[in-house]
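Only one structure is covered here, and it is reproduced in the block below.
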Amino acid sequence: MEYSAKGSKSGRYRYRRRVPGELTKLIGKREFSVSLKTKDQRVAMDRYKTVHREVEAEIEAARSTDLADVDHKTALQALRRYGLVSPVENSLAPVSFHDRWIDEEAHMI
């Protein structure tokens with residue numbers, strides 16, 4: 001179990017794996033840390049295999065992601081956060097601030 005550790009306080013096993021440096025921004029964290037929710041080593045070994053497969057699949061998916069697409073997704077998320085794009089929009093079509101302002105004014109009246 002290359003990426004496992006036993007918690008010193010709880011005695012439970014954890015899966016811990018660093019995210020490769022070039023993928024930290026894309027994945028959004030520096031480390032995967034998942035409780036295996038057991039103190040039993042045999043149970044931890046079984047759970048470890050499942051968690052490891054899932055983590056490796058996420059890392060592989062991040063490696064195969066087109067970075068241009070990532071920039072697009074990041075831009076959409078930022079626009080959604082400020083209410084400039086509908087939560088269901090999938091493209092960065094031109095936004096008419098004038099129309100949006102008129103809609104907001106209409107709701108205030």
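Just so you know, all these numbers are worked out from the coordinates, no wet-lab data involved. Remember, predicted model here, so these are calculated numbers, not experimental data. Counting neighbours? That spans all protein chains shown, and the Cβs are built from the backbone with ideal geometry, glycine included.
Please identify the trypsin sites (Lys or Arg not before Pro) of segment 1-69 that satisfy two criteria: DSSP loop assignment and at most 13 other Cβ atoms within 10 Å. Which are they? Intermediate results must be reported in sequence, preceding the final value.
On the way: sites: K6, K9, R12, R14, R16, R17, R18, K25, K29, R30, K37, K39, R42, R47, K49, R53, R63; in loops: K9, R12, K29, R30, K37, K39.
Listed in order of number, the matching sites are K9, K29, R30, K37, K39.
GluC sites (Glu not before Pro), restricted to segment 1-39: which are DSSP loop and have at most 14 other Cβ atoms within 10 Å? Display every interim value, and only then the final one.
Numbers: sites: E2, E22, E31; in loops: E2.
Passing both the DSSP loop test and the Cβ count: E2.
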